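What follows is a short report on a single structure.
Derivation of every value follows stated rules applied to the coordinates shown; laboratory data play no part. Bear in mind the structure is a predicted one, so any value in this text is a computation, not a measurement. Note: ideal-geometry Cβ built from the backbone for every residue, glycine included; neighbour counts use all protein chains shown.
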Amino acid sequence: MIALVQAWWPPLGSLYKLNFDAAMFTNTNSTGFGVVIRNNMGEVMAAMSAKGTAVADNVEAEVLACHRALELAVDAGFAGLEIEGDNATVMKSLASLRAIKSRLGNIYKDICVLAAGCSC
């Protein structure tokens with residue numbers, strides 16, 4: 001059996017790495033998400049998990065998880081973040097302005113504002 005191996009890589013220099021992920025629970029019509037912020041030595045500096053509301057799809061769940069992750073980072077006073085998520089669609093959308101015109105555009109805009117506050 002061949003498995004895709006994914007490994008965590010530390011952020012560069014004095015940056016922090018913010019990792020987030022979301023999950024959908026169809027049996028309870030809800031979502032959950034987790035956030036971990038680590039320093040360049042891999043030490044956990046902050047973490048959280050929470051239950052979320054029902055969403056239309058996995059992309060919406062991941063976008064909301066990213067938003068909550070950045071709220072945590074801002075509230076905790078982190079600056080200089082690398083943001084990492086496992087949903088390629090969301091990460092590509094965050095790196096472009098195309099997402100602003102999507103149905104989740106307002107959330108993407110908020111993420112950009114929060115990220116600017118963290119020097120992302």
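Look at (1) assigned to a helix (DSSP H, G or I); (2) over 12 Å from the mean Cα position of the chain (by Cα); (3) buried (at least 18 other Cβ atoms within 10 Å of the Cβ) and you find that Ile111 fails only one, number (2).
Just so you know, in the range 88-102 the residues that are in contact (Cβ under 8 Å) with a residue 24 or more places away in the chain and of a type outside the set (S, T, N, Q) include one that is surrounded by the fewest Cβ atoms within 10 Å (Cβ to Cβ), and it is Leu94. What residue, among those in the range 57-87 that are touching a residue at least 24 places away in the same chain (Cβ under 8 Å) and among the small types (Gly, Ala, Ser), is surrounded by the most Cβ atoms within 10 Å (Cβ to Cβ)? Across the range 57-87, the extreme among qualifying residues is Ala69. Please determine, by comparing only the residues of the range 19-48 that are within 14 Å of Glu82 (Cβ to Cβ) and not hydrophobic (A, V, I, L, M, F, W, C), which one is surrounded by the most Cβ atoms within 10 Å (Cβ to Cβ). Ranking the candidates gives Arg38 first. Filtering Ala54, Ala73, Ala69 for residues that are hydrophobic (A, V, I, L, M, F, W, C), out of contact with any helix residue (DSSP H, G or I) (no Cβ under 8 Å at 6 or more places or on another chain) and in a helix (DSSP H, G or I) leaves a single hit, Ala69.
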